[in-house]
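Have a look at the structure below, then the notes.
The values are calculated or read from the model by the stated rules, or taken from the named source; none is laboratory data. This structure is a prediction, so every number in the text was calculated from the model and none was measured. Using ideal geometry, Cβ is built from the backbone for each residue, glycine included, and neighbour counts are taken over all protein chains shown.
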Amino acid sequence: MSKLFYDHLIVFEEIEAKLSSYNFSSPDEKEEVHQMIEESVHYRVMACILDHLPREHHNQFLELFHRSPHHPGLLTFLKDRVENIEEIIKKEVKDLEKVLLKDIESAKIKEI
Amino acid sequence: MKGKSAQDLKEKIKSRHQAIREKFSQKHPHAQSFFQDRRIELGKIRQHSSKLLTAGTLAGALLLNSPSPSTLLASSLSEKPIKEISEIGLDSPEESRDFLVEQIKKIIPQMVCPLTPEQEKNIAFIIEKLTGIRARATLEGEHLNTCFGLIGAEQHLPRFPGDSVSLHDGFRRSGITPGRGAWGYFVQSREKLQPDDIQREKYYVAVQTLYLPDWEKRLPYLRDWYKYRKVLVLNPQTGKAVVAVVADSGPAAWTGKHFGGSPEVMYELGLHKGPRKGPVLLFFVDDAENKVPLGPIQYDKIDLSKVQMNESS
């Protein structure tokens, strides 16, 4: 299922494995953490796209994106205007994964 | 016993999340305003997308150069599989699985993606014809975001407070989740554990209820509706299939997967080795009388002479 045109560029398997060892106080708390990670991805990916896409195309891109966020044509739109955009997004996602892993690994040890 | 603090983790992720959001609005205020003006939260863009796709408001809304794979495939659908099934009759159970695989491969796209209503209907028909199970993509008006996605291996779920992996019948190496499933414990104590509860944990799946377009709006109803909802999961590459219940939510979208399967479910689907994930079809089971047992579909034991079809459903 691709709900967003960049879904195929995001796979955080290591984060998933690390989080599975946490004993969340409730299923809702676990979902909350998952959702914050999810939201962080969208902000970082969108910032990355806008950083590289020439300013004159921003409005058109945002308009297309908000009307049809899943459409694979959005990637074509970006590819036509930004060289190696897929690789750029992948790198951004990888960088975010590293930062999140660091956060996850640095969580305090306590009695459970 | 010592472990990492989930509370501390939550605080760290929260701080990171806030910092990322703030940086975005500082660097791209025009984009921030764009989304605000349209009352869209960028962080919840997945739910927004689900809503758009569900409502079907995309039709003709956007004219981009490359068409979506599902659009291309929809046009190549035909009634042929249904006719072929009618022609072979109902007396060849040993060939059912191979035939099912062959026919489903003709319908589904190569890559996982949401199916068209027609694809869903044809697959449901084939499954019902060859297994006798009334599989439905939409049941009582409810529909998952996709029926064709990647399933990944999950751990055992604790069935009651204090449950441990050593108390489970098999697949102990898969481990057990430290916390409860999304619908809580199956029972409140070990003494109350019944054979049905054991079966539910053995054959459970996780589905992405969180990303349903109206999940938050209809939470009380949907939470009850999905709890232990019976589903049929089918590996379209092998025809191996299992009836399971929904007992957890997830996986998160950023895992690249769309469903989760218990160790037993993954084993029955033949997806318990290697990457422990693969494409599956997941349909609700229309079983109001609760007659369909949980567990693997055994094609050789299906009495096809008793299978009744209702093409209009």
Residues located in segment B:94-128, provided they are without any contact (Cβ under 8 Å) to a residue 40 or more places away in the chain and either of a type in the set (A, V, I, L, M) or touching a Phe, Trp or Tyr at 6+ places or on another chain (Cβ under 6 Å) (or both): B:Ile107
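Considering only residues that are part of a helix (DSSP H, G or I) and of a type in the set (D, E, K, R), look in segment B:1-15 and name the one that is modelled with the highest pLDDT.
Filtering segment B:1-15 down to residues part of a helix (DSSP H, G or I) leaves B:6-15.
From what's left, of a type in the set (D, E, K, R): B:8, B:10-12, B:14.
Details: B:Asp8: 89, B:Lys10: 93, B:Glu11: 93, B:Lys12: 93, B:Lys14: 96.
Going through the qualifying residues, I end up with B:Lys14.
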For B:Ala135: the one exception among (1) under 20 Å from B:Gln47 (Cα atoms); (2) touching a helix residue (DSSP H, G or I) at 6+ places or on another chain (Cβ under 6 Å); (3) small (Gly, Ala, Ser): (1)
Qualifying residue in segment A:76-86 (condition: assigned to a helix (DSSP H, G or I), more than 11 Å from every other protein chain (Cβ to nearest Cβ) and surrounded by fewer than 17 Cβ atoms within 10 Å (Cβ to Cβ)): yes
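Report, by residue number, each residue of segment B:132-162 that is touching a strand residue (DSSP E or B) at 6+ places or on another chain (Cβ under 7 Å) and either among the β-branched types (Val, Ile, Thr) or part of a loop (DSSP other than H, G, I, E, B) (or both).
Of the residues in segment B:132-162, the ones touching a strand residue (DSSP E or B) at 6+ places or on another chain (Cβ under 7 Å) are B:133-137, B:139, B:144, B:147-158.
Listed by number, the residues that qualify are B:Ile133, B:Arg134, B:Ala137, B:Leu144, B:Cys147, B:Ile151, B:Glu154, B:Gln155, B:Leu157, B:Pro158.
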In segment A:22-47, residue farthest from B:Gly179 (Cα to Cα) [restricted to those that are at the interface with chain B (Cβ under 7 Å from one of its Cβ atoms), among the small types (Gly, Ala, Ser) and surrounded by fewer than 22 Cβ atoms within 10 Å (Cβ to Cβ)]: A:Ala47
Helices (runs of 4 or more DSSP H) fully within segment B:16-108 counting 2 or more residues that are surrounded by fewer than 19 Cβ atoms within 10 Å (Cβ to Cβ) and at pLDDT 95 or above: B:29-37
Any hit, segment B:174-183, residues being closer than 26 Å to B:Asn145 by Cβ, touching a Lys or Arg at 6+ places or on another chain (Cβ under 8 Å) and not hydroxyl-bearing (Ser, Thr, Tyr): yes
For A:Asp103: the one exception among (1) closer than 30 Å to A:Phe24 by Cα; (2) touching a residue at least 24 places away in the same chain (Cβ under 8 Å): (2)
Single unsatisfied condition, B:Leu271 versus (1) in a loop (DSSP other than H, G, I, E, B); (2) modelled with pLDDT of 95 or more; (3) more than 16 Å from the chain's Cα centre (by Cα): (3)
Qualifying residue in segment B:177-190 (condition: within 23 Å of the chain's Cα centre (by Cα), surrounded by fewer than 18 Cβ atoms within 10 Å (Cβ to Cβ), away from chain A (no Cβ under 11 Å) and at pLDDT below 95): no
